[in-house]
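**Q** Right, I'll just put the structure down here and ask away after.
Just so it is clear, none of the values below were taken in a lab; they were calculated from the coordinates. None of the values given here were measured: they were computed from a predicted structure.
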Amino acid sequence: MPQLKEGDSVRFKKPGYKHLSHAVVTGKHETPRSYMITDETGREYRRNRCHIHLTQEPPVIILNDDLFFISFAIMKLKTKKKSKT
């Protein structure tokens, strides 16, 4: 499985939910193959890579203002990199 990067748009299964939820990768965890992800409400989860599905969807907009600005800045950087190639 490919490594995930901070700002990647992903889907994962929340406890007690049947469907996959949208989230953004906020960092790599110190444990092997684990990542920190944040959902639309700003709640953080630690998930193993095999439980995270990378998507081509636009990054999730997080309601917590601090995380929104981080996600927006990462999204702008990705857009700039794509336009240069």
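**Q** Show me, for the stretch 34-44, the HN-Hα J-couplings you get by feeding each phi into the Karplus relation (A = 6.51, B = -1.76, C = 1.60, θ = phi - 60°), rounded to Hz, glycine and proline as x.
**A** For the stretch 34-44, the Karplus curve yields 9, 10, 9, 10, 10, 8, 4, 8, x, 6, 9 Hz.
**Q** Between ASP8 and residues 5 or more places away or on another chain, which pairs have amide H atoms under 5 Å apart, with H built 1.01 Å from N, and which residues are they?
**A** Residues meeting the amide H criterion: VAL25.
**Q** Work out from phi, with θ = phi - 60° and the Karplus expression 6.51 cos²θ - 1.76 cosθ + 1.60, the ³J(HN,Hα) of each residue of the stretch 47-54, listed in order in whole Hz, and give x for Gly and Pro.
**A** Running phi through 6.51 cos²θ - 1.76 cosθ + 1.60 with θ = phi - 60° gives 9, 6, 4, 5, 9, 10, 10, 5 Hz.
**Q** Hey, another quick one. Could you give me the ³J(HN,Hα) list for the stretch 18-33, computed from phi with Karplus coefficients 6.51, -1.76, 1.60 and θ = phi - 60°, whole Hz, x at Gly and Pro?
**A** So the J values, rounded to whole Hz, are 8, 9, 6, 9, 7, 7, 10, 6, 9, x, 8, 8, 5, 6, x, 6.
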